[in-house]
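Novice: Please see the structure below; I have some questions.
The values are calculated or read from the model by the stated rules, or taken from the named source; none is laboratory data. The structure presented is a predicted model; accordingly, all values stated were derived computationally and were not measured. Here the Cβ positions follow ideal geometry from the backbone for every residue, glycine too, while neighbour counts run over all protein chains shown. Remember, those area values only see protein heavy atoms, side chains included, never the ligands or the DNA or RNA. Shrake-Rupley method; radii C 1.70, N 1.55, O 1.52, S 1.80 Å.
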Amino acid sequence: MPLTVRPRRKRSTRLIVTLLSGLLPVILGSVILYMQAERTLQQSTAHTAEEALRQFDLMLDNTAQAARQLLPLAGQPCKSVTLALREQVTRRPFVRSTNLVWDDNLYCSSLFGEFSEPVNAGDYAQGKLWLMNGNPVTPNTALLIYRLSEGRGGALTTLDGYHLSNVLRLIGRDTLLLLQVGDNWLSADGKTHQGALPSLPVAQSMRDSSHYAFSVSAGFPEGETWRYMSDEYPPLFSLLIFFGVVSGAIGHIVQKRSTSPSHEMLRALEAGEFIPYFQPVVYGDSKKWTGTEVLMRWNHPKEGLVRPDLFIPFAEHSGLIVPMTRALMQQTAALLGPLSSTFVAPFHIGINITANHCQDLELVEDCREFLSAFTAGSITLVLELTERELIEPTDITRQLFEQLHTLGVKIAIDDFGTGHSSLGYLRKFNVDYLKIDQSFVAMIGIDALSRHILDFIIELSAKLDLGIVAEGVETQAQADYLTAHNVNFQQGYLYGKPMPAADFISALTHH
Ligand code: C2E
Ligand code: CA
Ligand code: CA
C-alpha cells in the first residue's frame, strides 16, 4: 500500500536525523561514562587521601611518644640525658633525632650532644609541626619536626622525610599525593616546597588530620578522566557504538516509514505522479464516442499504478484533493487541448470533483483555465459530483454554481441512486446529467427490484429533462436494455476500459 511507504524528506534533513539518532546514544552514553569515571576517580583519591592520613598519623604518634617521654628530662644537663635521647632514636622506627629545649634554646641533641640553637615557636604550624628542607647534617632532605613544650622546657623529635615521601609514593601510586604542613608541602619525589598547595585538576580530595597540624591532598593531572576511560571502558565504548549504529538504523527506518499519508501524497503531487486515465463515454444509440471520463491514477515509483479508491479518501481528508484535481485538469487540458480543433460535436470531458472543492470560487478559475486550452465550443466540461457527499447549499455554493453555469460547465450527479439527493437539490445546483450507479446496471436481467429502480431513474431524468449516463456497462444485454430505454449515454468496459492518454488519443483518432 503506497501510503504506508514513508515520505521523502529532504535528503540532507534525513541524513541529519539519521546521524543525530545514531550519535545521541553515543553522546549520552559517553557523558554518563565520563561522569562515572569522574566518580570512580573521586572515590579513589578520597580513599588514597584517607589512607595516607592514617599512615602519617601513625608515624607522628610514634614521634610524639618519643617527645612525651623526653619532655620530663628537659632542663637536665645534656651529658646526663644524651643516652636517653639516643635510646629513643634507636628504639623508634621513624624517629631520626631527638633534642631538648630550655628557654627556647635547643641545648642538647641526640646527634651532637651539647648544642645551642634558638627555637622559634612561630616556625611551627600550630606551634607543633615544622616541615623543613633538611638541616646542616642532611641538607635538601625533608624533615618533619614535632615540638612538645611545657613551661620553659621542650622536646623536639624529628621524622625522616624519606619515610614520608615513601608513603606518598607507595600509597599514591598513580595518584598525585601531597603532604602539607603549615606553609610548606612535600611531594612524592621527597622535595619540600613553600607556599600554597598546587590544585590538582582532576578529582582532588583534601583531608585534614584531626590529631596533628597537617593535611593531605590527592588528585590526578589534567586529562586523567579520558585516560582512565580509554583504559577501562573500551568494551563499554564498543557497546555504545553498537547502540549508536542500531539507533541510527532505527532512525533511518522510522523516517522511511512514519510519514503521514498526506506527506507522501504531497511528494507524489510535486513529482507529478498523479496522472489521468481516460474512459470513453458513448452515445446510447449510435455507440459513437461522445466524450470521456477522466479517472485519476497514481503512478507510484515502487507500487506501480495505484487505484483511486486506495488514495482518494486520504486526499479528501487532507484537502490535497483540490490541488490534485487541479493538476489532473491541467494535464488533461495539455493532452486533449491540441486535438480539440478536430472534434466535430462538443466532446464531453467528465472530471470528478469532491464536495471539498466547492467550498470557494477557485473551482471557477480552474474551469476557466481548463476551457481556455480548447478551441471555443469544442468541448463540454462536465463536473461529476458524487451523490454520496451532498454539497451544503450556502451563499458561496450558490455563486459558484451560477458562475459555472455562465461558463457553460455542466454538472452531473455521479453514482446516482446510492445517495439521498432530492428534487430540490437537483434544481438548486442546476444539475444537467445523472450518472446511474454501476450497481443498478449490473443487476439488469438479474434482480427485478434493481431494475425497477433503474427504470424509475430513467423515467425521472426524462421528466426533469436531465441527460442520463449509465456506468459500468459490461455486457451486450445491458447495452441493449439501456438503448431500448432511451438512455442517452453509456460508459463501461464493453466500450473501453480506462486507459492511458497515449492509448486513448490513438483510439480517439480511429473513432
Ligand atoms: P467513479 O467516478 O464512479 O468512476 C467509475 C469507476 O468505475 C472507475 O473506477 C472506472 O474504472 C470503473 N468502471 C468503468 N467502467 C466499468 C465497468 O464496466 N465495470 C466495472 N466494474 N467498473 C467500471 P476507478 O477508475 O477505479 O475510480 C474509482 C472511483 O475513484 C471513481 O468512481 C471516483 O469516485 C474516484 N475517482 C477517480 N478519479 C478521481 C478524481 O480525479 N477525483 C476524484 N475526486 N475522485 C476520483
Ligand atoms: Ca465519476
Ligand atoms: Ca460512478
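Novice: Just the number please: accessible area per residue for the chain, 1.4 Å probe, all protein chains included, in Å². Walk me through the intermediate numbers first.
Specialist: On the way: 25760 Å² over 511 residues.
With all protein chains present, the chain gives 50 Å² per residue.
Novice: Further question on the same structure: When only DSSP loop residues count, what GluC sites (Glu not before Pro) in the range 162-244 have their Cβ near at most 15 other Cβ atoms within 10 Å?
Specialist: Numbers: sites: GLU222, GLU224, GLU232; in loops: GLU222.
Passing both the DSSP loop test and the Cβ count: GLU222.
Novice: Follow-up question, since we're still on this one. Rounded to the nearest percent, how much of the accessible area of the chain (1.4 Å probe, protein heavy atoms only) is carbon and sulfur? Don't skip to the answer; put the middle values down first.
Specialist: Values: 14660 of 25760 Å².
Taking all protein chains in place, the chain shows 57 percent carbon and sulfur surface.
Novice: Another question, then. Between ASN105 and LEU20, how many nm apart are label points set 7 Å from Cα along the C-beta direction?
Specialist: 8.4 nm
Novice: Also, quick follow-up: Could you compute the net charge surrounding THR40? Neighbours are other residues with a C-beta less than 14 Å from the C-beta of THR40; K and R count +1, D and E count -1.
Specialist: Values: positive: ARG39, ARG227; negative: GLU38, ASP174, GLU224, ASP231, GLU232.
Residues close to THR40 contribute a combined charge of -3.
Novice: Let me ask something else about it. Report, in debye and to the nearest 20, how large the dipole of the chain comes out about its Cα centre when Lys and Arg carry +1 and Asp and Glu carry -1 on their Cβ.
Specialist: On the way: 41 positive and 52 negative charges, 342 e Å.
Once rounded to the nearest 20, the dipole reads 1640 debye.
Novice: State whether the range 425-503 is rounded, prolate or oblate according to the following rule on the C-alpha gyration tensor (a ≥ b ≥ c being the square roots of its eigenvalues): a/c under 1.5 gives rounded; otherwise a/b larger than b/c gives prolate, and the remaining case gives oblate.
Specialist: On the way: a/c = 2.11, a/b = 1.18, b/c = 1.79.
Oblate, since a/c reaches 1.5 and b/c is not below a/b.
Novice: Tell me, what is the Rg over Rh of the range 27-220, with Rh the Kirkwood radius over Cα pairs?
Specialist: Numbers: Rg = 19.1 Å, Rh = 17.6 Å.
Using Cα coordinates only, the ratio equals 1.08.
Novice: Output needed: percent of Cα pairs per 20 Å distance bin for the chain, bins running from 0 to the one holding the longest distance.
Specialist: 17, 26, 11, 10, 12, 14, 8, 1
Novice: Note the angle between two axes, namely the Cα long axis of helix 234-257 and the longest principal axis of the Cα atoms of the chain, as a number of degrees from 0 to 90, rounded to the nearest 10.
Specialist: That helix lies at roughly 20 degrees to the long axis.
Novice: Compute the label zone of LEU339 within the range 455-499: residues whose backbone N is under 15 Å from the point 7 Å along Cα-to-Cβ.
Specialist: 496-499
Novice: Let me make sure I get this right: for the range 64-134, a, b and c are the square roots of the gyration tensor eigenvalues over alpha carbons, sorted descending. Under 1.5 in a/c it's rounded, otherwise prolate if a/b > b/c, else oblate. Which is it?
Specialist: Numbers: a/c = 1.62, a/b = 1.19, b/c = 1.37.
Because a/c hits 1.5 or more and a/b fails to exceed b/c, the range 64-134 counts as oblate.
Novice: Mind checking the angle between helix 501-510 and the chain's longest principal axis? C-alpha axes, 0 to 90 degrees, to the nearest 10.
Specialist: 10 degrees
Novice: Then there is this: Ordered by packing density, taken as the mean number of other Cβ atoms within 10 Å over each peptide's residues, highest first, how do 106-116, 415-425 rank? Can you show the working numbers first?
Specialist: Details: 106-116: 17.5, 415-425: 14.7.
Output ranking for 106-116, 415-425: 106-116, 415-425.
Novice: If you find the alpha carbon centre of the range 460-511 and of the range 169-234, how far apart are they in angstrom?
Specialist: One Cα centre to the other: 97 Å.
Novice: Taking only pairs that are 8 or more places apart or on different chains, how many Lys pairs in the chain have Cα atoms under 19 angstrom apart?
Specialist: Total qualifying Lys-Lys pairs in the chain comes to 13.
Novice: Is the range 273-510 rounded, prolate or oblate when judged by the Cα gyration tensor, a ≥ b ≥ c being the square roots of its eigenvalues, rounded requiring a/c under 1.5 and prolate requiring a/b larger than b/c?
Specialist: Values: a/c = 1.35, a/b = 1.14, b/c = 1.18.
Rounded, because the longest to shortest axis ratio a/c is under 1.5.
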